[in-house]
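In what follows, a single structure is set out as structure tokens and then discussed.
The values are calculated or read from the model by the stated rules, or taken from the named source; none is laboratory data. In this text the structure is predicted, and so the values were computed from the model without any measurement. Here the Cβ is made from the backbone with ideal geometry for all residues, glycine too, and neighbour counts use every protein chain on show. SASA here: full protein model, heavy atoms, side chains in, ligands and nucleic acids out. Shrake-Rupley method; radii C 1.70, N 1.55, O 1.52, S 1.80 Å.
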Amino acid sequence: MHFRKLIFRRIIEVMAIFFLILTGLFLLFHLSPGDPVSRMVQPGMSAEDASMLISQLGLDQPLWLQYLYYVKNFFTGNFGISFHYGQPVIHIIGRRLPNTILLFTTSVILSAAAGVFWGKLVAWYKGRPIDTWVTILALVCHTLFLPWIALLFIWIFAYHVGWFPLNGMITPEVWINPSAGFLTKAADIGHHMLLPLLTLFIIHVGSYLLIMRSSMLETLKEDYILTARAKGLSEKRVRNRHAAPNAYLPVVTSIGLSLAFSINGGALTETVFSWPGIGRELIFAVSNNDYPLALACFLFISLVVLVANVIVDVLYAYLDPRIRY
Amino acid sequence: MALLEVENLTIAYKTRRETAIAADRVNFSLERGRSVGIVGESGCGKTTLGMALLRLLPSNGFVKKGRVTFDGMDLLSLPDTRMQRVRWKRIAMIFQAAMNAWNPVQRIGDQILEAIRTHDPKITKAEAVKQVEQLYELVEIPADRIFDFPHQYSGGMKQRAIIAMALACSPDLIIADEPTTALDVIVQDQILQKIKAIQKEKNIALIFISHDIGVVAGVCHEIMVMYRGKIVEAGRREEVFEVPVHPYTRALLSSYLTIDGVFEIRDKQSPAPPCTPAEPLSKELCGYVHLCPHASEACRSRPPQWREITPTHKVLCSLCR
Amino acid sequence: MPDTPAEPMVQIQGIKKTYSEDRSLFARSAQALTAIDGVSLCIEKGEVFGLVGASGSGKTTLGRLLLKLEEIDAGQIRFQGKDISGLKGAALKDFRRRVQLIPQDPYQSLNPYMSIFDTVAEPLIIHGIRSSEARRQKAAQALDAAGLSPAADFFPSYPHQLSGGQRQRAAIARAMVLSPEFVIADEPTSMLDATISFTIFKLLADLRKTQGVTLLFITHDLAAARFLCDRIAVIYKGQIVESGLSEQVINNPGSDYTRALINAQPRFSFVNQ
Amino acid sequence: MNFSAETRAACNTAAAKRSYNLQRFLDGWALFYENPVGKLGVFLLACFGVMALISYIPPLIDPMYHPMTGVDPWISNATGPSAKHWLGTDNLGRDLFTQLLTGARIAFMVGISAAFMSIVFGTLIGMIAGYAGRVTDAALMRFADMIMVMPSLLVVLLLASLFGQLNIWIIVLLIALFRWPGVSRVIRSQTLSLKQRPFIDMARVAGASHMRIIFRHILPNVLPMACLYMTFRVTSAIIVEAALAFLGFGDPNTVSWGMMLQWVWKTGHMFQAPYWLLPPGICISLITLSFYLIGRAMEEVLDPRLRKEENFE
């Protein structure tokens, strides 16, 4: 089937891109000034451990062999030992990645859904005051500086009003309590997640709304909208059944293009709210010259973006029959 | 009383700088089972006129004055919900072939079903599908293609499917706006024959809008020539072709290339057989005066007037005496 | 250039052109579309040759191949006896001077950011006419010949200030300014209103008479081809189904497709002529 | 064909003789300025322009107003607004108002130079990819896709960690290097549609060289779009620089708004010193808003259909 072939091709492409990123990172690491060995092996390590790590990572080999080791290590999940945590990097990633995916997907899905819904309505009322004001509001949301608005929220809602915890993802007391059930724990995470989520939501919803609005306005100029009206359909049906499904398509493309941008914002949000995610870990590792951790975090973030891109492509193909059939 | 009566219809567009008149004091009437063709160059207002009848003008277009009476109803003052019931049930439209009149993400069959079921909520889906199958038989598309998506159809098939959809609710009037432009000559001919046959068989009134006077003449009983927003000549097609009076009509016909050579206007003399003046309607000058080879001082100073050549053949020109 | 009187302007032998649909880096799909499938033609010096076909028949592709805007996959095109497929450098430039195009859509065929003078004079600059006085004179001549006179009035205007017919005349002036020997007119009037396109046809007929240019007229309209052309070829699905003198093709069509085409033409049998 | 006297007269009027480009620009400006969005954007931008200009003045009045090195000798902690320090001081006793003014200068510098560079790269690459087509196009666009899926902020961070402290111009260059793909996608698709237009065929038939076609025929037609994208790129450059500075990876020798936010955050004053927390954030948000508003208004002047791929940054 055409559709499967397309998705398959897209996956191959994404894999090729990932491989290029992997290679690029290797080259950068070796091009940059400084000794690769001292960057991968913590100074305090015992000589025995250090030489084992060096031979594991292939750092004593010629460059091309090092590259092969590097690729092999990626697929076997061996990224070395984090300086800061003193643990294998893969364990840290394993713990952080789900938290990032939770925050990232929730925020993207919620803000996209809300933005698309409101954008659809606002476009319908183009030229009326509601359109003008919502558009301006969306523009303001879109241009707010994310770390600042995050700090502001903490200051207002967590510090002054005290509705939300200042930072973190869980309250240890709740989790230590053996009687705490799944729901209690989930509610605790939800309570911590609300403010970061709100920050990301506000930053993203504006752009999704604006994109949906302009896409909808373009669609409303199309001839089949005229056909739908001429058929005697109600305005609501024209909007929801004929205009909106077509207007979704460019929005989905834009969401795909914006994922990298969203992950930037995600990393900033995680940092300000001390949300234990992989983005915060990357920024933390970079600040502390924890190279093994930083490189691995970056690779996994790229992987998240690429996988999300493939999902978006599948969604697009699902929405557009011209691709499916 | 005629099925459709258009009186003094004036349509304008608001642009950033001005209000532009797109159709100026248009008058005509159409009986059930008759067909009228509107011919004119691009931008003359013929499409606007068609859209105005269904109240589908773009948001910056509006009817400045005039009346449209359809089967006793005043279409321009009908409430929106009632107008929605007139659309397609009573007046259907065949859109330009070049337009993407089909919603690309919905199956063609579903779009036709939607038209049927909107106007007849009680009909079951199976019955409606059956109707669509009959329509497809009529327009000669295999029934197994009903639930294809638009991009799987060829240009000619899309156009035939549009005709099928136009007939879905058995309307009293069909407005066809350039239904064959951008189609190949052979396909165009097939579609025109189809439209003509169906119109005759079902006794539907037809308004046929085209830039091609040859195409219009093949389909319609009557012809109206439109120039710069005004109808400049109207009459039965034989009258217009045999005794074209308005200089623009004459230019249009004498530049029409047929397979046998240039179309020859039988009456070589420049305007016009004697005729009796009709009611003066126009206040402004003739729009064709800058291109007209016969324009006189009078044309530049006085507005043209409607003249009656025969009871069915009228022309808006000062040269006609 | 050794120009024996019998030598045809253009000789086409068995040319083919296919397009592959996909051009991605990672996947090369096998879907191919044959646009031109073994066409052979001969266009004599000084004649107007009509190429008639429906949209998608390959007629525009054929024109582009003749103009060397695209390369043929198989076969041979000879212009004035010389194979054009290998032309490069000075030889290609010389070919460009001799062969010109009158495009389809006057609304798209002029660069909106160039004045009419710049547009018409651009080929002169490219082909090394240095003196600006000479350029002005030649451009004025070309505009006059195309019916835009006085030319000086049109020099400073931009395409959006002209009507469709005027733009098409400017495009014709640009094509004629280098006094080419062979001009391809690709549906020059399909976007124009009937009364205007008739005047363009008459202009083309005039140019052929006064400048002796050889013309390939590509059209979907058999009636227009008959009006303008000495000989006609009918193209269908990338193949020539019929060719011959215009009158002959229309009065005695030899192929079913041509017959269908003729039957589909509007007729005014109701008019007593 | 006959031309009416009016048509000829119209061609002769002064307005018609004015260059088409100028005429287009003036028409566009009128349309732009009619739009309240555009007006507001221009007004805001003018305010920031004034801020950037007068930022040179305070250090001349008194060295203690120098944004980096000037310390008020009588103040050793963060204090609120006063007559001497209009917005108060930071924890070292530096004047917040002059820091804010200097921040405007840095924002303009970073924003405009990075945007300009990325527009130049993006336009050139987009035109080349669209015009050359085939393998060149596919390769360039895959490359662009690859850069596009990389979170630029995090990449620059990583580079900062590998290559050490980055100065402001390197940051500008890096931002430009990671911000061209969006531009080149748009310019490429425009070039592709231009390439279909017959005037490009006409130029080729006349024997024009590729250079001539790209720079004489395609470039003027894509330039308005490139200008539009420049406004969007300015905002994205300002935001990336501010975010870098906020995370502590800015140029330590410059004062930017992001840097101010980092100081208030890192020194733990964010709950005590709203006079320190609020102004830089408001400034960053408003300057990006002003460029964005201008871009939106320009967009409505240009053909909105050209912009299918809306950009986020």
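Give the residues of the stretch D:160-185 that are assigned to a helix (DSSP H, G or I), facing another protein chain (nearest Cβ under 9 Å) and surrounded by fewer than 19 Cβ atoms within 10 Å (Cβ to Cβ), sorted by residue number.
D:Phe163
Could you list, in sequence order, the residues of the stretch A:284-325 that are open to solvent by 10 Å² or more (accessible area, probe 1.4 Å) and within 30 Å of A:Ser38 (Cβ to Cβ)?
Matches in the stretch A:284-325: A:Phe284, A:Ser287, A:Asn288, A:Asn289, A:Tyr291, A:Leu295, A:Phe300, A:Leu303, A:Val304.
Looking only at residues in the stretch D:137-148 that are open to solvent by 20 Å² or more (accessible area, probe 1.4 Å) and at the interface with another protein chain (Cβ under 8 Å from one of its Cβ atoms), which one is farthest from the chain's Cα centre (by Cα)?
Residue satisfying both the conditions and the ranking: D:Ala139.
Consider A:Lys5 carefully, then state whether it is within 20 Å of A:Phe300 (Cβ to Cβ), part of a helix (DSSP H, G or I), of a type outside the set (Phe, Trp, Tyr) and away from chain D (no Cβ under 14 Å).
No: the conditions fail for A:Lys5.
Is it true that some residue in the stretch D:217-235 is facing chain A (nearest Cβ under 8 Å) and closer than 29 Å to A:Val251 by Cβ?
yes
Name the residues in the stretch B:162-216 that are of a type in the set (D, E, K, R) and open to solvent by 10 Å² or more (accessible area, probe 1.4 Å), would you? If you could, list the steps in order and put the result at the bottom.
Of the stretch B:162-216, the ones of a type in the set (D, E, K, R) are B:172, B:177-178, B:184, B:189, B:194, B:196, B:200-202, B:212.
Answer for the stretch B:162-216, where residues must be of a type in the set (D, E, K, R) and open to solvent by 10 Å² or more (accessible area, probe 1.4 Å): B:Asp172, B:Glu178, B:Asp184, B:Asp189, B:Lys194, B:Lys196, B:Lys200, B:Glu201, B:Lys202, B:Asp212.
Looking at (1) open to solvent by 10 Å² or more (accessible area, probe 1.4 Å); (2) facing another protein chain (nearest Cβ under 10 Å); (3) touching a residue at least 12 places away in the same chain (Cβ under 8 Å), can you tell me which one D:Ile294 breaks?
Failing condition for D:Ile294: (2).
Which members of the stretch D:110-159 meet the condition of being farther than 23 Å from A:Thr23 by Cα and not in a helix (DSSP H, G or I)?
Within the stretch D:110-159, D:Gly133 is the sole residue that qualifies.
How about the stretch C:114-141: which of its residues are assigned to a loop (DSSP other than H, G, I, E, B) and facing chain D (nearest Cβ under 9 Å)?
Of everything in the stretch C:114-141, those that are assigned to a loop (DSSP other than H, G, I, E, B) and facing chain D (nearest Cβ under 9 Å) turn out to be C:Met114, C:Ser115, C:His127.
In the stretch A:21-40, what count of residues is obtained for those that are within 18 Å of A:Tyr85 (Cα to Cα) and either aromatic (Phe, Trp, Tyr) or without any contact (Cβ under 8 Å) to a residue 40 or more places away in the chain (or both)?
Count: 1.
One residue is enough: does the stretch A:80-88 have a residue meeting the conditions touching a Cys at 6+ places or on another chain (Cβ under 9 Å) and in contact (Cβ under 8 Å) with a residue 24 or more places away in the chain?
Among the residues of the stretch A:80-88, not one is touching a Cys at 6+ places or on another chain (Cβ under 9 Å) and in contact (Cβ under 8 Å) with a residue 24 or more places away in the chain, which makes the answer no.
Given the conditions (1) touching a strand residue (DSSP E or B) at 6+ places or on another chain (Cβ under 9 Å); (2) buried (at least 16 other Cβ atoms within 10 Å of the Cβ); (3) not aliphatic (A, V, I, L, M), report the number of the one that A:Asp49 does not fulfil.
(2)
Pick out the one residue from B:Ile162, B:Ile209 that is in contact with a strand residue (DSSP E or B) (Cβ under 6 Å, 6 or more places away or on another chain) and assigned to a strand (DSSP E or B).
Sole residue among the options that is in contact with a strand residue (DSSP E or B) (Cβ under 6 Å, 6 or more places away or on another chain) and assigned to a strand (DSSP E or B): B:Ile209.
Just one of A:Ile92, A:Ile136, A:Ile81 is away from chain D (no Cβ under 14 Å), out of contact with any Ser or Thr (no Cβ under 9 Å at 6 or more places or on another chain) and β-branched (Val, Ile, Thr); which is it? Before you say what the answer is, go through the steps one by one.
Working: A:Ile92 fails: out of contact with any Ser or Thr (no Cβ under 9 Å at 6 or more places or on another chain); A:Ile136 fails: away from chain D (no Cβ under 14 Å).
None of the other options fit; the residue is A:Ile81.
From the list B:Met83, B:Met51, which residue is assigned by TED's automatic domain parsing to the domain that holds B:Leu252 and open to solvent by 10 Å² or more (accessible area, probe 1.4 Å)?
Details: B:Met83 fails: open to solvent by 10 Å² or more (accessible area, probe 1.4 Å).
Step by step, each of B:Met83, B:Met51 is checked, and only B:Met51 is assigned by TED's automatic domain parsing to the domain that holds B:Leu252 and open to solvent by 10 Å² or more (accessible area, probe 1.4 Å).
Here's the yes/no breakdown for (1) more than 14 Å from chain B (Cβ to nearest Cβ); (2) over 21 Å from B:Met83 (Cα atoms); (3) more than 26 Å from the chain's Cα centre (by Cα); (4) at pLDDT 85 or above:
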site: A:Met193; (1), (2), (3), (4): yes, yes, no, yes
site: A:Pro196; (1), (2), (3), (4): yes, yes, no, yes
site: A:Ser207; (1), (2), (3), (4): yes, yes, no, yes
site: A:Ser215; (1), (2), (3), (4): no, yes, no, yes
site: A:Tyr224; (1), (2), (3), (4): no, no, yes, yes
site: A:Leu233; (1), (2), (3), (4): no, no, yes, yes
site: A:Asn240; (1), (2), (3), (4): no, no, yes, yes
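For a quick check of your reading: which helices (runs of 4 or more DSSP H) sit entirely within the stretch A:101-179 and have at least 1 residues that are at negative phi, open to solvent by less than 40 Å² (accessible area, probe 1.4 Å) and of a type in the set (S, T, N, Q)? Even if it seems obvious, please write down each step before you answer.
Working: elements: A:129-143, A:146-153, A:172-176.
Counting at least 1 such residues, we get A:129-143.
Hey, can you tell me all the residues within the stretch C:144-184 that are facing another protein chain (nearest Cβ under 8 Å), open to solvent by 10 Å² or more (accessible area, probe 1.4 Å) and among the hydroxyl-bearing types (Ser, Thr, Tyr)?
C:Tyr158, C:Ser163
Can you give me the number of residues within the stretch D:254-272 that are open to solvent by 30 Å² or more (accessible area, probe 1.4 Å) and facing chain A (nearest Cβ under 8 Å)?
Within the stretch D:254-272, residues that are open to solvent by 30 Å² or more (accessible area, probe 1.4 Å) and facing chain A (nearest Cβ under 8 Å) number 2.
Quickly run through the stretch C:36-86 and pick out the residues that are assigned to a loop (DSSP other than H, G, I, E, B), buried (at least 17 other Cβ atoms within 10 Å of the Cβ) and within 14 Å of chain B (Cβ to nearest Cβ).
C:Gly53, C:Ala54, C:Ser57, C:Gly58
Could you list, in sequence order, all residues of the stretch A:21-42 that are loosely packed, with under 13 Cβ neighbours inside 10 Å, at the interface with chain D (Cβ under 10 Å from one of its Cβ atoms) and either of a type in the set (A, V, I, L, M, F, W, C) or under 14 Å from A:Asp290 (Cα atoms) (or both)?
Residue satisfying the conditions is A:Leu31 alone.
Name, by its number, the condition in (1) away from chain B (no Cβ under 14 Å); (2) closer than 15 Å to C:Leu110 by Cα that does not hold for C:Met191.
(1)
Out of everything in the stretch D:242-253 that is away from chain A (no Cβ under 11 Å) and not small (Gly, Ala, Ser), what residue ends up being most open to solvent (accessible area, probe 1.4 Å)?
D:Asn253
Condition first: in contact (Cβ under 8 Å) with a residue 12 or more places away in the chain and within 16 Å of the chain's Cα centre (by Cα). Can you find one or more residues in the stretch D:245-255 that meet it?
Keep residues of the stretch D:245-255 that are in contact (Cβ under 8 Å) with a residue 12 or more places away in the chain, which gives D:245-255.
With the extra rule that they be within 16 Å of the chain's Cα centre (by Cα), the set shrinks to none.
The answer is no; no qualifying residue exists.
Within the stretch B:261-281, can one find any residue that is open to solvent by 30 Å² or more (accessible area, probe 1.4 Å), at pLDDT 75 or above and in a loop (DSSP other than H, G, I, E, B)?
no
Just need a number here: residues in the stretch A:85-100 that are open to solvent by 20 Å² or more (accessible area, probe 1.4 Å) and touching a helix residue (DSSP H, G or I) at 6+ places or on another chain (Cβ under 7 Å).
Within the stretch A:85-100, residues that are open to solvent by 20 Å² or more (accessible area, probe 1.4 Å) and touching a helix residue (DSSP H, G or I) at 6+ places or on another chain (Cβ under 7 Å) number 3.
Among A:Ser262, A:Ser258, which is within 26 Å of the chain's Cα centre (by Cα), in contact (Cβ under 8 Å) with a residue 60 or more places away in the chain and buried (at least 21 other Cβ atoms within 10 Å of the Cβ)? Before the answer, list the steps.
On the way: A:Ser258 fails: in contact (Cβ under 8 Å) with a residue 60 or more places away in the chain.
Answer to the check: A:Ser262.
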